[in-house]
Each structure stands twice: as structure tokens, then as C-alpha cells.
Amino acid sequence: MKNSEITGLSKEELVAKITEEKENLSKLKFAHTISAIENPSRIGKVRKDIARLNTELTKVKNTESATETN
């Protein structure tokens, strides 16, 4: 997932996407444990996507709290 796609998401969409990606990551890890998956680098990519989503969610929360205090 590209950063430009992530920045366009709302807070609720970010939370939903994080949940979806975490489920995807657990499925990938489980599949890799049972038998080798064809592209194990996907696990790292999904982890990085989750980190990007969490970073954007933090930015959104910080901007919301900054606008509430003003």
C-alpha cells in the first residue's frame, strides 16, 4: 500500500485497514509455519504496511487533539 493511498483514509478507515492487515499477517505467519510460502518477503511488507497505517493513525489523532485544544 502506498503512502499516498494511506494519507487519503479517514480515522475509521485506518482502524479497519489496520485490523484487516493484522489478520492478513497472522494468516501469512501461520501459512509460513505450516509450509513455506512462495514469497516470504510478503510478511515483511505487510508488517511495514501496518507500521505505516499506525503512523498515519497517530498523525490523524494528533491533529484532531490539536484542533480540539484550540
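Values quoted throughout were computed directly from the atomic coordinates according to the rules given, and no laboratory measurement underlies them. No experiment lies behind these values; they were computed from the predicted model shown. A quick note on method: Cβ atoms are made from the backbone with ideal geometry, for glycine too, and the neighbour counts reach across all protein chains shown.
Tabulated results
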quantity: Test item: Cα-centred dipole of the range 20-64, Lys/Arg +1 and Asp/Glu -1 on Cβ, debye; calculated: 160 debye
quantity: Mean ellipticity per residue at 222 nm, deg cm²/dmol - from DSSP H runs of n ≥ 4 across the chain, formula -39500 (n - 2.57); calculated: -28500 deg cm²/dmol
quantity: Selected from ASN62, HIS32, VAL15, residue furthest toward positive end of dipole (the chain; charges at beta carbon); calculated: HIS32
quantity: Cα-based helix-to-principal-axis angle, 11-34 vs the chain, degrees rounded to 10; calculated: 20 degrees
quantity: C-alpha long axis of helix 41-69 to longest principal axis of the chain, angle in °; calculated: 10 degrees
quantity: Förster-model FRET efficiency, 30 Å R0, ALA66 and ASN24, C-beta, rounded to 0.05; calculated: 0.40
